Amino acid sequence: MHVLVRPRAGGFDYSSAERTLVVEDARLAIDAGAAGVVVGGTVDGHVDRELVADVRKAVGSAEVTFHRAMDAIADRATALETLIVLGVTRVLTSGGAPSAADAVGELQRMVEQAEGRIQIMAGGGVTAENAGRVAAAGVDAVHASARRVVTLSEGAAVQAGVSHLDVTDEDQVRRLREALADVSGPREEEAAWPRQ
């Protein structure tokens with residue numbers, strides 16, 4: 001399990017207090033048994049090097065994934081080199097587009113630049129219908145929400161304090177796995193389709 005650590009919704013330029021919270025929450029996640037953390041941050045349109053370095057130090061040898069803050073960075077080539085130097089395990093990206101399926105060329109370029117020094121995980125709008133095309137870019141893994149919205153009954157909604165819930169849709173997961181099984185190269189049967 002890799003825990004997403006974000007101090008708030010919205011952009012990725014964090015205050016000093018928010019950075020401190022990310023580092024501490026990342027450490028706590030690893031102490032609780034997580035295999036890795038998913039973090040990200042930017043400063044003036046670039047990777048927040050200080051934040052990533054502090055997280056890397058706080059989590060020791062655990063895996064660190066830089067999330068889609070990458071897609072808020074214009075110079076992804078330089079950002080990728082920065083993340084490699086900082087010891088990040090992988091980057092989750094849609095290649096700067098709203099959907100990974102719209103940036104297959106950019107994902108392929110990133111894979112070529114990475115040369116195995118960092119994993120490229122494609123995410124953002126990945127579905128069973130486009131997962132094969134996205135994976136064919138040579139990415140190491142794909143990330144998909146595979147969710148559906150469930151409307152709660154009135155009694156359950158009142159108890160839960162919400163009227164709708166996002167849940168994992170088993171049919172979407174099955175169809176996603178089937179689509180990825182058709183792509184040459186997968187070595188493990190996992191929902192995220194890692195090529196490790």
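The values are calculated or read from the model by the stated rules, or taken from the named source; none is laboratory data. What you are looking at is a predicted structure, and each value in this text was computed from that prediction instead of being measured. Virtual Cβ from ideal backbone geometry, glycine too; neighbours counted across all protein chains shown.
A few notes on this one:
- Flag for residue 22 being buried (at least 22 other Cβ atoms within 10 Å of the Cβ), farther than 20 Å from residue 119 by Cβ and in contact with a helix residue (DSSP H, G or I) (Cβ under 9 Å, 6 or more places away or on another chain): yes
- From the list 60, 40, 11, the one residue that fits, being modelled with pLDDT of 95 or more and farther than 15 Å from residue 84 by Cα, is 60.
- Per the conditions (1) part of a loop (DSSP other than H, G, I, E, B); (2) surrounded by 13 or more Cβ atoms within 10 Å (Cβ to Cβ); (3) of a type in the set (Lys, Arg), the sole criterion not satisfied by residue 8 is (2).
- If you go through segment 87-108 and keep only what is β-branched (Val, Ile, Thr) and either part of a helix (DSSP H, G or I) or farther than 13 Å from residue 37 by Cα (or both), you end up with 93, 104.
- Residue 58, sole failed condition from (1) of a type in the set (Gly, Ala, Ser); (2) under 21 Å from residue 140 (Cβ atoms); (3) touching a helix residue (DSSP H, G or I) at 6+ places or on another chain (Cβ under 6 Å): (2)
- Top-ranked residue of segment 109-127 - restricted to ones that are touching a helix residue (DSSP H, G or I) at 6+ places or on another chain (Cβ under 9 Å) and part of a loop (DSSP other than H, G, I, E, B), ranked as farthest from residue 148 (Cα to Cα): 117
- Qualifying positions in segment 11-57 - part of a helix (DSSP H, G or I), among the small types (Gly, Ala, Ser) and touching a strand residue (DSSP E or B) at 6+ places or on another chain (Cβ under 9 Å): 26, 29
- Filter result (under 22 Å from residue 75 (Cα atoms), hydrophobic (A, V, I, L, M, F, W, C) and within 18 Å of the chain's Cα centre (by Cα)) within segment 1-52: 12, 38, 39, 47, 51, 52
- Criterion applied to 40, 96 was being small (Gly, Ala, Ser), crowded, with 21+ Cβ neighbours inside 10 Å and out of contact with any Pro (no Cβ under 9 Å at 6 or more places or on another chain), and the one residue passing it is 40.
- Extreme residue, modelled with the lowest pLDDT, among residues of segment 143-161 that are part of a loop (DSSP other than H, G, I, E, B) and surrounded by 11 or more Cβ atoms within 10 Å (Cβ to Cβ): 152
- Of all residues in segment 62-86 being of a type in the set (S, T, N, Q) and either over 15 Å from the mean Cα position of the chain (by Cα) or in a loop (DSSP other than H, G, I, E, B) (or both), the one that is nearest to residue 4 (Cα to Cα): 82
- Every pair of residues 6+ apart whose Cβ atoms lie under 6 Å, when the first sits in segment 116-134 and is crowded, with 16+ Cβ neighbours inside 10 Å while the second is of a type in the set (Gly, Ala, Ser) and not in a helix (DSSP H, G or I): 121/141; 124/94; 124/99; 125/99; 126/144; 134/122
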